[in-house]
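Structure first, commentary second.
The values are calculated or read from the model by the stated rules, or taken from the named source; none is laboratory data. It should be emphasised that the depicted structure is a prediction, and the values quoted were computed from it without experimental measurement. Please note: Cβ atoms are built from the backbone with ideal geometry, for glycine as well, and neighbour counts cover all protein chains shown. Areas reflect the complete protein model, heavy atoms only, side chains present, ligands, DNA and RNA absent. Shrake-Rupley method; radii C 1.70, N 1.55, O 1.52, S 1.80 Å.
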Amino acid sequence: MTKQQIFPTDDMALYWKTTTSRTCLAREEKSVCASKNRLTFLLGGNALGAFKWKPMIIYHSENSWALESDAKSNQPVLHKWNNRAWMIAHLLKTWLT
């Protein structure tokens with residue numbers, strides 16, 4: 001297998017407006033803290049660096065107020081959504097194809 005055939009990817013979450021100093025994913029918690037304040041980014045390309053997928057942003061709602069003035073198709077990223085703004089198999093499959 002060559003570096004052109006290896007496609008490492010990574011997803012990362014960004015929380016804003018989170019004021020707690022403890023972890024939000026404790027076993028006692030019923031839900032994730034600040035789930036409305038989460039964005040997930042997915043980045044990837046081949047190991048050689050010759051090919052990069054379009055970055056994907058996952059938000060908790062389909063229509064973000066921040067994107068009302070600009071069409072999503074004009075953005076340099078793919079916009080997807082689910083209730084918790086988490087990466088799920090369906091979104092990953094959509095991104096890869």
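Ranking of Thr97, Thr2 by solvent-accessible surface, largest first: Thr97, Thr2 (1.4 Å probe, protein heavy atoms only, all chains present). Projected label points at Val77 and Ile6, each 7 Å from Cα along the beta carbon direction, are separated by 2.7 nanometres. The local environment of Thr94, defined by Cβ-Cβ distances under 13 Å, has a net charge of +3 under the rule Lys, Arg +1 and Asp, Glu -1.
Inter-label distance, Trp86 to Lys52: 2.9 nm, where each label sits 7 Å from its Cα along the C-beta direction.
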